[in-house]
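Please read the structure below before turning to the comments.
The values are calculated or read from the model by the stated rules, or taken from the named source; none is laboratory data. What you see is a predicted model; the values in this text were computed from it and never measured. Every residue, glycine among them, receives a Cβ derived from its backbone with ideal geometry; neighbour counts consider all protein chains shown.
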Amino acid sequence: MTISFFQEEIEAIYGVRAPRVIDFLVDREGARNAAGEPLAPEALLVRESEGELELGLFLDDDVVSAADSADPHDPRPLLTAPSSLPHLACAAEGVSHFVYLATRAAAGRPVSLLELEVQAEVDKFALLVLHLWRRGLRRLSPALRRRLFERVRYHSHLDGAELERYRVANHLGGGYAGWLESRYVEGADVEGLLRELRQSYRLGGGEKLGYLGARTRH
C-alpha cells in the first residue's frame, strides 16, 4: 500500500504517469540473477535491450515489511515514525528512481546517475513533509529534514566516485529542502510548494543541478 501510495503522490505532485512500480518489484533472488548480489537495501535494475529499456526495482525484505506495515492514510504520522522512517525513506527513493527514469525514458530524455539520486533526495522530503502537513504537523519539517539529510551514513562498499555522487546528492537535496522549507513550508504555502517542485522536476541534467545548487547556497 505505501509503495503504491508513494507512486501516486509523486505522479500527483509532478503531473506525470509511469507504469505501476509494484509490477516491477524484484526479490533478492531476482536481483541476484539480474545483476549480482544486491549490496544495498534498494537498487534500480536497468537493462537496455534492442532499443528498449527494461526496469526492475529491488527492495529488501525489511523495506518491504515496513512499507506493508505502515498505512499512509492513517491519521497518525506513521510514515515518519523513528522506527520506520529509514526503511520508508528508502522505499520512497526507490519509487522516485523508478518513476523518474521511466518518465524520462518515455520522453527520450537522458538521465545521469547524479540527477537520479538528487531527485530521489528531493522526492523523499516532499512526500514525507506533505504527509506531516496533512496531519497538522507542518512544524515538524525541520526535524524531518535533519533526520533525512544530516543523520546519514554511507555504505562501506561504495567506491570513491559513488561515495562522492551520494554526498553531492545529499548536499543538493538537503539544501533545496531547507530552501523549500523556509520559502513555502513555514508560510503554509502548499500551492507555491507544488508549483516549485513541478518546475524543478522538469529541469534536466546540469540545469537541474545548477538550479538546486543556487538555492542550496542561499
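Computed values, structure above
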{"quantity": "Some residue of segment 106-123 being polar (S, T, N, Q), under 20 Å from GLU162 (Cα atoms) and modelled with pLDDT under 95", "calculated": "yes"}
{"quantity": "Breaking point among (1) over 19 Å from the mean Cα position of the chain (by Cα); (2) modelled with pLDDT of 90 or more; (3) not hydrophobic (A, V, I, L, M, F, W, C), for GLU50", "calculated": "(2)"}
{"quantity": "Condition check for GLY56: farther than 23 Å from SER156 by Cβ, free of Cβ contacts under 8 Å to residues at least 40 places away in the same chain and in contact with a helix residue (DSSP H, G or I) (Cβ under 6 Å, 6 or more places away or on another chain)", "calculated": "yes"}
{"quantity": "Residue list for segment 176-206, restricted to those being more than 15 Å from the chain's Cα centre (by Cα), in a helix (DSSP H, G or I) and in contact (Cβ under 8 Å) with a residue 12 or more places away in the chain", "calculated": "GLY178, TRP179, LEU180, GLU181, ARG183, TYR184, VAL185, VAL190, LEU193, LEU194, GLU196, GLY205"}
{"quantity": "Answer residue from segment 185-218, given it is in contact with a Lys or Arg (Cβ under 7 Å, 6 or more places away or on another chain) and within 24 Å of ALA107 (Cβ to Cβ) and is modelled with the lowest pLDDT among those", "calculated": "GLY204"}
{"quantity": "Segment 78-103 - residue that is polar (S, T, N, Q) and assigned to a loop (DSSP other than H, G, I, E, B) and, of those, farthest from the chain's Cα centre (by Cα)", "calculated": "SER83"}
{"quantity": "Scope segment 50-77; condition surrounded by fewer than 20 Cβ atoms within 10 Å (Cβ to Cβ) and in a helix (DSSP H, G or I); matching residues", "calculated": "ASP61, ASP62, VAL64, SER65, ASP68, SER69"}
{"quantity": "Test: residue in segment 9-29 that is surrounded by fewer than 19 Cβ atoms within 10 Å (Cβ to Cβ), at positive phi and modelled with pLDDT under 95", "calculated": "no"}
{"quantity": "Among (1) under 29 Å from ASP71 (Cα atoms); (2) touching a Ser or Thr at 6+ places or on another chain (Cβ under 8 Å) - the single one TYR211 does not satisfy", "calculated": "(1)"}
{"quantity": "Any hit, segment 146-157, residues being under 22 Å from TYR201 (Cα atoms) and either in contact with a Gly (Cβ under 8 Å, 6 or more places away or on another chain) or at pLDDT 95 or above (or both)", "calculated": "yes"}
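For (1) in contact with a strand residue (DSSP E or B) (Cβ under 6 Å, 6 or more places away or on another chain); (2) within 20 Å of ASP68 (Cβ to Cβ); (3) of a type in the set (S, T, N, Q); (4) touching a residue at least 24 places away in the same chain (Cβ under 8 Å), each residue gets a yes or a no:
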residue: ALA89; (1), (2), (3), (4): no, yes, no, yes
residue: ALA92; (1), (2), (3), (4): no, yes, no, yes
residue: VAL95; (1), (2), (3), (4): no, yes, no, yes
residue: ARG104; (1), (2), (3), (4): no, no, no, yes
residue: SER112; (1), (2), (3), (4): no, no, yes, yes
residue: GLU121; (1), (2), (3), (4): no, no, no, yes
residue: LEU127; (1), (2), (3), (4): no, yes, no, yes
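Each row is one residue, and each column tells you yes or no for (1) touching a Gly at 6+ places or on another chain (Cβ under 6 Å); (2) of a type outside the set (Asp, Glu); (3) closer than 23 Å to ALA161 by Cβ.
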position	(1), (2), (3)
GLU52	no, no, no
ASP61	no, no, no
PRO72	no, yes, no
CYS90	no, yes, yes
